[in-house]
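Read through the structure below, which is laid out as structure tokens, and then see the notes.
The values are calculated or read from the model by the stated rules, or taken from the named source; none is laboratory data. Fair warning: this is a prediction, and the values are worked out from it, not measured in the lab. Here the Cβ is made from the backbone with ideal geometry for all residues, glycine too, and neighbour counts use every protein chain on show.
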């Protein structure tokens, strides 16, 4: 098991360098530059532009810039934002809990609904339930997040008035964050109604963010279950007279779980990508909105370091999934 | 004694809690997060709303809803005959805000004024580079490093600005956000503690509201500053709920989650106007949307060609289709609400037949050109792509073939400045300080390579511009700028497209909010009724 873990970790090192290089190059390949973005419509004289480029060091060869950047990152210094002049890691730390909270709730919704829906669709293959579930899943998968979010706001917040429009908690609740997780902080605050307000603010963004992963998990569960349900050992289990619930739950589902767990792990990337749009619509102060703002301002430091930090997190989650995978399936460890 | 103290504490707690229960709150749905709370390093309107206009004050202030100047931290001033010395008498007893992170030991004085400008000006000032990479772009952009010769403390409450050359817009410039006055004493406290960064994160000013808390990208909280020299505000708690999407801002306003919002999407305005709980204020924007020809490239170097192309465009149709009526046809390069606007100038008529004839007479045949469309929406031009399409169709009617081009926003402006740029370039401008020069400078010879996208340098116009800047008498300046507009119209370096309207939707319970022609959002003097 340790060897397996070391092998996986060894793979991460070149990946990190690859990603840091890709992020560094990506932001510089974008048209425009941070100096002009900072100057705004008033513009900047060529002399002043040259001065600022020199000051930020963007006139030096890319190789030097990259080596300096990666050198700083290795010492834990992710740089200072060009736009806000605040340390990038500090900004990330302040905003990440909001994204993590939203993504966690979204993932819980996706798993709790997606897996049972996939199992039932597989068991009742060809039934109206199967067709309806897969139809809804396909629609969910293809739904533009921005449009979907706005539609839910207009209907549930605007028309029915059931949920708040945006934000993390009602503005009447003011307390300084302890953990950064609003559900927890609202409980700690001891203010009556705060937790309820925080939870109600989470409903719509979590549904929007969960939509695509839910669709993917439901479809993956269904196809994995269908494959397993056709296996000989399942037929044997049935022939032995085991209760259908036991056959599905113990014999079929456990074996179908491996690709489903992998899919759930991969959804972390989808959640991060989805968070960008979801957070923008719901004014959710997380890292998705932060990255969008930084790209708009060509804030090289935030984009390259932000992407790297996000990639590190996604890799860490995938590593955990790989380990879980090995726990579930001993054959993988042996390989 | 102990009993007395306990009773006093209980009384205080009861009054605070009672006050909290009755606290008046105003929630403003703002469009973006501020980069910081120092009013001078940044240049975005949302940065100024969150810092300069709430927390700070200036020597002079723009009157509410106007572009004229009134006394601010300076209660009076004198200008020397040669226009080179401005001496300001400071208002006595102005208090800097007291918070849990700073307690001032003295009132505002000349040292604070000098510090506020020198930190943006003098490289040897340790605060010049307290934020990595700060360029003090507004201070530099307004030409202050060249303009200022020295700032002298005459006495504690008198400060003198000595200029290198006369500058008629100097007073309005001092009313701009970057000229906000900060506390030198607070800076010194942070210097000692080695926490300079806090200057922009935990601000201290003399303005109507004091900073309470900022949850990054989410909420900014302010409280009325009891010691404000203009009197305590009626709103106790001012909250900025940062909501980047305009459609979501509109929904929040309708749902009562905010009381007032900035920049509604044109498509949402009718719905907001129809809501019985809301009112939508509107104002002519102090802006211009234009199409700049490259006057150095043939055939656009010929006046008659530029005039003919101007006459080919149906501007009224653009106002109806793109601005959805929320705008007016622009005739001059300055908006009609600006002083010195020349009402006698007639616009080039929409006359495709005459345009066709003029092009033929100028020897222009089978002209192919580019129309540049901005990739972003701006108050002065909500949809440049659509405007380009309409102009393209109008040009086609007079035999001119146009191709629409667009680039990423900063790239767009960089390419637009190229001396050999092909075709006509859409852009616009929103005024900074209400002075006509703040619009006409866009066409000055010095602005080529910066903001003069017509690459137009006309001696007659340039001389008038310089004369206007060196004249202090407003009546005389008005005449000069009226004449400059005549030259502009005759030479036609731009197709002036539109001045747009700006809308401000709010709950009917909000009273006293005055729309600002400079596009700033001020909450001093605002109240909410129950």
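Identify all residues within the stretch B:122-168 that are closer than 28 Å to residue B:44 by Cβ, away from chain A (no Cβ under 14 Å) and either at pLDDT below 95 or part of a helix (DSSP H, G or I) (or both); write none if there are none.
Within the stretch B:122-168, B:122, B:125, B:126, B:147, B:167, B:168 qualify.
May I ask you to verify whether residue B:503 is under 27 Å from residue B:388 (Cα atoms) and in a strand (DSSP E or B)? Please lay out each step first, then the result.
Working: under 27 Å from residue B:388 (Cα atoms): yes; in a strand (DSSP E or B): yes.
So residue B:503 passes the test.
Of everything in the stretch A:147-173, what is more than 24 Å from the chain's Cα centre (by Cα) and either surrounded by fewer than 19 Cβ atoms within 10 Å (Cβ to Cβ) or outside any helix (DSSP H, G or I) (or both)? Give them in sequence order.
Let us first name the residues in the stretch A:147-173 that are more than 24 Å from the chain's Cα centre (by Cα), namely A:154-162, A:170-173.
Within the stretch A:147-173, A:154, A:155, A:156, A:158, A:159, A:160, A:161, A:162, A:170, A:171, A:172, A:173 qualify.
Does at least one position in the stretch A:175-182 carry a residue that is under 29 Å from residue A:92 (Cβ atoms), under 24 Å from the mean Cα position of the chain (by Cα) and part of a helix (DSSP H, G or I)?
Here is the first cut: in the stretch A:175-182, the residues under 29 Å from residue A:92 (Cβ atoms) are A:175-182.
When the remaining residues are screened for being under 24 Å from the mean Cα position of the chain (by Cα), the result is A:177-182.
Remaining after also requiring part of a helix (DSSP H, G or I): A:182.
Within the stretch A:175-182, one or more residues are under 29 Å from residue A:92 (Cβ atoms), under 24 Å from the mean Cα position of the chain (by Cα) and part of a helix (DSSP H, G or I).
List the helices (runs of 4 or more DSSP H) that sit entirely inside the stretch A:31-108 and contain at least 1 residues that are under 24 Å from residue B:427 (Cα atoms).
On the way: elements: A:34-39, A:46-56, A:62-74.
Filter on the stretch A:31-108 gives A:34-39, A:46-56.
Residues B:115, B:96, B:88: which one is surrounded by 15 or more Cβ atoms within 10 Å (Cβ to Cβ), within 29 Å of the chain's Cα centre (by Cα) and part of a strand (DSSP E or B)? Steps first, please.
Working: B:115 fails: part of a strand (DSSP E or B); B:96 fails: part of a strand (DSSP E or B).
One residue alone meets the criteria, B:88.
Mind telling me which of the residues B:224, B:247 ends up being without any contact (Cβ under 8 Å) to a residue 24 or more places away in the chain and either under 13 Å from residue B:50 (Cβ atoms) or within 14 Å of chain A (Cβ to nearest Cβ) (or both)?
B:247
Could you list, in sequence order, all residues of the stretch A:291-311 that are within 11 Å of chain B (Cβ to nearest Cβ), modelled with pLDDT under 90, in contact with a helix residue (DSSP H, G or I) (Cβ under 7 Å, 6 or more places away or on another chain) and part of a helix (DSSP H, G or I)?
Within the stretch A:291-311, A:292, A:295 qualify.
For the stretch A:233-279, which positions are buried (at least 23 other Cβ atoms within 10 Å of the Cβ) and within 14 Å of chain B (Cβ to nearest Cβ)?
A:275, A:278, A:279
Which pairs have Cβ atoms under 6 Å, sit 6 or more apart or on different chains, and link a residue in the stretch B:463-487 that is closer than 22 Å to residue B:80 by Cβ to one that is crowded, with 18+ Cβ neighbours inside 10 Å and modelled with pLDDT of 95 or more?
B:467/B:480; B:468/B:480; B:468/B:481; B:480/B:464
Could you grab me the full set of residues in the stretch B:368-399 that are away from chain A (no Cβ under 13 Å), touching a helix residue (DSSP H, G or I) at 6+ places or on another chain (Cβ under 7 Å) and not in a helix (DSSP H, G or I)?
Answer for the stretch B:368-399, where residues must be away from chain A (no Cβ under 13 Å), touching a helix residue (DSSP H, G or I) at 6+ places or on another chain (Cβ under 7 Å) and not in a helix (DSSP H, G or I): B:371, B:372, B:373, B:382, B:398, B:399.
Given the conditions (1) modelled with pLDDT of 95 or more; (2) within 14 Å of chain A (Cβ to nearest Cβ); (3) under 17 Å from the mean Cα position of the chain (by Cα), and given that residue B:101 satisfies all but one, which numbered condition is not satisfied?
(3)
For the structure I just gave you, tell me whether residue B:511 is on the phi < 0 side of the Ramachandran plot, surrounded by fewer than 19 Cβ atoms within 10 Å (Cβ to Cβ) and more than 14 Å from every other protein chain (Cβ to nearest Cβ). Before the answer, list the steps.
Details: on the phi < 0 side of the Ramachandran plot: yes; surrounded by fewer than 19 Cβ atoms within 10 Å (Cβ to Cβ): yes; more than 14 Å from every other protein chain (Cβ to nearest Cβ): yes.
Yes; evaluated as a whole, the condition is true for this residue.
How many residues are without any contact (Cβ under 8 Å) to a residue 40 or more places away in the chain and within 27 Å of the chain's Cα centre (by Cα) when one looks only at the stretch B:358-376?
2
Kindly check whether there is at least one residue in the stretch B:217-231 that is at pLDDT below 95, assigned to a loop (DSSP other than H, G, I, E, B) and surrounded by 20 or more Cβ atoms within 10 Å (Cβ to Cβ).
Yes.
Need the failing condition index for residue A:111 against (1) within 13 Å of another protein chain (Cβ to nearest Cβ); (2) touching a residue at least 24 places away in the same chain (Cβ under 8 Å); (3) assigned to a helix (DSSP H, G or I), just the number.
Checking residue A:111 against (1) within 13 Å of another protein chain (Cβ to nearest Cβ); (2) touching a residue at least 24 places away in the same chain (Cβ under 8 Å); (3) assigned to a helix (DSSP H, G or I), the one that fails is (1).
Which residue is nearest to residue B:513 (Cα to Cα), if the candidates are limited to the stretch B:256-270 and must be surrounded by 15 or more Cβ atoms within 10 Å (Cβ to Cβ), out of contact with any helix residue (DSSP H, G or I) (no Cβ under 6 Å at 6 or more places or on another chain) and within 13 Å of chain A (Cβ to nearest Cβ)?
Within the stretch B:256-270, the match that is nearest to residue B:513 (Cα to Cα) is B:259.
Looking at the stretch B:406-431 only, could you name the residues that are in a loop (DSSP other than H, G, I, E, B) and either farther than 21 Å from residue A:35 by Cα or more than 9 Å from chain A (Cβ to nearest Cβ) (or both)? Outline the logic, then answer.
Going residue by residue through the stretch B:406-431, those that are in a loop (DSSP other than H, G, I, E, B) are B:406-408, B:417-423, B:431.
Passing the criteria: B:406, B:418, B:419, B:420, B:421, B:422, B:423, B:431.
For the stretch A:280-290, which residues satisfy the criterion of being more than 9 Å from chain B (Cβ to nearest Cβ) and more than 13 Å from residue A:145 (Cβ to Cβ)? Steps first, please.
Initially, the stretch A:280-290 is screened for residues more than 9 Å from chain B (Cβ to nearest Cβ), giving A:287-288.
Residue satisfying the conditions is A:287 alone.
I want to confirm something. Restricting to the stretch B:187-201 and keeping residues that are in contact with a helix residue (DSSP H, G or I) (Cβ under 7 Å, 6 or more places away or on another chain) and in a helix (DSSP H, G or I), which single residue is surrounded by the fewest Cβ atoms within 10 Å (Cβ to Cβ)?
Checking each candidate, the answer is B:198.
What are the residues in the stretch A:186-201 that are touching a helix residue (DSSP H, G or I) at 6+ places or on another chain (Cβ under 8 Å) and either at positive phi or surrounded by 19 or more Cβ atoms within 10 Å (Cβ to Cβ) (or both), if any?
A:186, A:194, A:195, A:197, A:198, A:201
Using beta carbons and a limit of 9 Å, which pairs, at least six apart or on different chains, have the first residue in the stretch B:33-58 and within 8 Å of another protein chain (Cβ to nearest Cβ) and the second one in a loop (DSSP other than H, G, I, E, B) and at pLDDT 95 or above?
B:36/B:51; B:36/B:203
Condition check ((1) within 22 Å of the chain's Cα centre (by Cα); (2) more than 16 Å from residue B:293 (Cβ to Cβ); (3) surrounded by fewer than 23 Cβ atoms within 10 Å (Cβ to Cβ)) across all residues:
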site	(1), (2), (3)
B:390	no, yes, yes
B:396	no, yes, yes
B:411	no, yes, yes
B:419	no, no, yes
B:427	yes, no, no
B:436	yes, yes, no
B:452	yes, no, yes
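Could you check residue A:222 against (1) more than 21 Å from the chain's Cα centre (by Cα); (2) without any contact (Cβ under 8 Å) to a residue 60 or more places away in the chain; (3) surrounded by 19 or more Cβ atoms within 10 Å (Cβ to Cβ); (4) in a helix (DSSP H, G or I) and say which number it fails?
Condition (2) is where residue A:222 drops out.
Residues in the stretch A:56-69: is at least one in contact with a helix residue (DSSP H, G or I) (Cβ under 6 Å, 6 or more places away or on another chain), more than 14 Å from chain B (Cβ to nearest Cβ) and at pLDDT 90 or above?
yes
So, in the stretch A:70-83, how many residues would count as being without any contact (Cβ under 8 Å) to a residue 24 or more places away in the chain and within 14 Å of chain B (Cβ to nearest Cβ)?
Narrowing the stretch A:70-83 to residues without any contact (Cβ under 8 Å) to a residue 24 or more places away in the chain: A:71-72, A:74-77.
Retained after the next criterion (residues that are within 14 Å of chain B (Cβ to nearest Cβ)): A:72, A:77.
Number of matching residues: 2.
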